[in-house]
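What follows is a single structure, written as structure tokens, with notes after it.
No value in this document is a laboratory result; all are computed from the given coordinates. Small disclaimer: the values here were computed from a predicted structure and weren't measured. Positions of Cβ are generated from backbone atoms using ideal geometry, with glycine treated the same way; all protein chains shown enter the neighbour counts.
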Amino acid sequence: MKIVFLCFSFFLDGILSNFLSFLPNTLSFCTPLLTLVFLVVIFPLYKKNKKKYFLTAGILGFCYDLFYTNLLFFNACLFVEIAYLTTIFCKRIPLNYGTLPILLILLIGIYHLSTIFFLHLFQVLNPTLGDFFYLWTHTIFLNVLMGEIFYFIFCFCHKKYVKAL
């Protein structure tokens with residue numbers, strides 16, 4: 001079932017990014033990062049096997065690079081970083097309907113901040129802190145909403161998921 005949702009979130013990312021603009025100063029309301037959201041939501045399934053979770057994050061990030069960003073290994077490293085931060089967070093605070101939005105807001109911010117840092121470091125673009133806040137605020141709504149929906153569906157349909165929580 002997680003493979004079905006993985007493919008669904010991956011392709012939904014591509015479909016929504018074609019319809020929702022994500023450049024600064026446009027009229028976009030949402031920027032999809034559903035693959036990253038799905039990576040956070042499936043963490044309880046990998047709670048006992050973190051190496052497999054990091055491998056899944058790396059492969060998912062690599063596929064994200066190939067299909068959406070054309071920055072080979074960039075998102076693979078960022079997805080592994082997000083997976084690592086998710087494991088640290090979930091060690092201290094259990095994942096539930098209340099903590100998931102907080103975790104997603106934090107991790108999406110870290111993802112965008114890391115992206116902007118590396119774009120600035122390698123002089124690909126010269127983004128400002130205003131660009132970061134614009135992108136972060138326009139990413140939160142859709143992704144937190146979809147994270148809660150994914151979480152609900154997983155809790156409803158996947159008994160192994162509920163036991164892992």
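Which is the longest run of the chain containing none of the trypsin sites (Lys or Arg not before Pro) found in DSSP loop states (not H, G, I, E, B) with at most 16 other C-beta atoms within 10 Å? Working shown, then result.
Values: sites that count: Lys47, Lys48.
The longest uninterrupted stretch comes out as 49-165.
Against the longest principal axis of the chain, how steep is helix 129-157, in degrees 0 to 90 to the nearest 10, with axes from Cα atoms?
With both axes taken from Cα atoms, the answer is about 20 degrees.
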